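Chemist: Here's a structure for you.
The values are calculated or read from the model by the stated rules, or taken from the named source; none is laboratory data. What you see is a predicted model, and the numbers here were worked out from it, not measured in a lab. FYI the Cβ positions are ideal-geometry reconstructions off the backbone, even for glycines, and counts take in every protein chain you see. Accessible surface is based on the protein model in full, side chains and every heavy atom, while ligands, DNA and RNA are left aside. Shrake-Rupley method; radii C 1.70, N 1.55, O 1.52, S 1.80 Å.
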Amino acid sequence: EDIDVDAITTAIIDSKFTAGRDLTLTTKEGMDIVNTTITTTGEGTATITATNADFNGVIGDFAGDAVLEAVEFDATGITADGDITVTSAEYIVNTNLISVNGGVTIESVKQIVDSVILAKSGEEGKGNVEITATGEIDGTTITAGGDLTVSATYLAGDVLVSENGNINATAENAIDATSMLAKAGAIDAAAPAITGNSSFTAADYVAPTG
């Protein structure tokens, strides 16, 4: 069965939602989702929106895709067999986003801190990670089975790994204390400054540019 829970009138706290296929969950303005487990057991899409509010301590386990939106993701763990898409966020902090057979796309975020982003699949056309940040990405490990594309103002203390594709990293201000490893491809890294013993290792070429 599908679950469609729209416009919850209060915050969602200490709750559990399970759907056999599609799940749509939308909170009222400013109402958080806290310490809640959300699961889909069959192929479909889980669309979860904390409207101008946060995910805090949310556990998501999805047999299909996940589409997520919140102001802040904090201490949250999301695993999907398919694609994970974060359409909008201000902060992603101490959070895991893991796709088993799809990709991870963060369309708009201000800052990512102390998080893990992983797309496991190495199949052609799968396992790609794409992140667009208007601020910094700090202390975060990002691993793609395929291509990894990331842009931010700073990449600081990060680990970027592509298992079977290329890495394309852009920092508006600096890449600092960051390591990049493209096990089967190339690295293109663009930043005005590369500092802090940052390292770049690729099976193909490495092209740092200012």
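Chemist: Express the Stokes-Einstein translational diffusion coefficient of the stretch 1-107 in µm² s⁻¹, to the nearest whole number, given a Kirkwood radius over alpha-carbon pairs, 20 °C and a viscosity of 1.002 mPa s.
Modeler: Roughly 163 µm²/s, to the nearest whole number.
Chemist: Return the long-range amide H neighbours of residue 15 (sequence gap of 5 or more, or a different chain), with a cut-off of under 5 Å between placed amide H atoms.
Modeler: Correct list: 36, 37.
Chemist: Please list 3J(HN,Hα) in residue order for the stretch 184-192, calculated via the Karplus relation 6.51 cos²θ - 1.76 cosθ + 1.60 where θ = phi - 60°; whole Hz, with x for glycine and proline.
Modeler: Ordered by residue, 3J(HN,Hα) equals 10, x, 10, 10, 10, 10, 10, 6, x Hz.
Chemist: Given a 1.4 Å probe and heavy atoms of the protein chains only, how would you sort 31, 180, largest accessible area at the top?
Modeler: Details: 31 65, 180 5 Å².
From most accessible down to least: 31, 180.
Chemist: Hey, of (i) 19.1; (ii) 19.8; (iii) 17.1, which did the structure itself give for Kirkwood radius over Cα pairs in Å when calculated?
Modeler: Answer by label: (iii).
Chemist: Determine, for each peptide in 146-158, 70-82, the mean count of other beta carbons within 10 angstrom over its residues, then list the peptides with the highest first.
Modeler: In descending order of packing, they fall as 146-158, 70-82.
Chemist: In whole Hz, what ³J(HN,Hα) sequence does the stretch 51-68 give by Karplus (6.51, -1.76, 1.60; θ = phi - 60°), x for Gly and Pro?
Modeler: These are the phi-based 3J(HN,Hα) values: 6, 6, 8, 10, 9, 9, x, 8, 10, x, 10, 10, 7, x, 9, 9, 10, 10 Hz.
Chemist: Now a separate question. With a cut-off of 8 Å between alpha carbons and a minimum separation of six or more residues, what is the relative contact order of the chain in percent?
Modeler: Here the relative contact order equals 9 percent.
Chemist: What are the residues whose amide H is under 5 Å from the amide H of residue 190, where those residues sit 5 or more places off or on another chain and H is modelled from the backbone?
Modeler: Under 5 Å from the amide H of residue 190 lie the amide H atoms of 169, 170, 171, 209, each far enough along the sequence or on another chain.
Chemist: Hey, another quick one. 5 Å is the cut-off here: which amide hydrogens, built 1.01 Å from N in the peptide plane, fall below it relative to residue 127, excluding neighbours closer than 5 in sequence?
Modeler: Sorted by chain and number, the residues that satisfy this are 102, 103, 121.
Chemist: With the full set of protein chains in place, find how many percent of the accessible area of the stretch 21-172 is carbon and sulfur; take the probe as 1.4 Å. Each step should come with its number before you reach the end.
Modeler: Values: 2370 of 5670 Å².
Ligands and nucleic acids excluded, carbon and sulfur reach 42 percent.
Chemist: Where nothing but the Cβ of Lys and Arg (+1) and of Asp and Glu (-1) is charged, how large is the charge dipole of the chain around its Cα centre, in debye to the nearest 20?
Modeler: 400 debye
Chemist: For the stretch 2-107, calculate the relative contact order in percent as a whole number, restricting contacts to Cα pairs under 8 Å that are 6 or more residues apart. Let's see the in-between values first.
Modeler: Working: 351 pairs, mean separation 19.8, N = 106.
Over the stretch 2-107, the number comes to 19 percent.
Chemist: Further, regarding this structure: At a Cα cut-off below 16 Å, give the aspartates and glutamates reachable from residue 120, other chains included and same-chain residues fewer than 8 away excluded.
Modeler: Straight-distance partners of residue 120: 61, 65, 81, 83, 130, 147, 163.
Chemist: Evaluate the relative contact order of the stretch 55-102 (contact order divided by residue number), counting alpha-carbon pairs under 8 angstrom at least 6 apart; express in whole percent.
Modeler: Relative contact order, the stretch 55-102: 38 percent.
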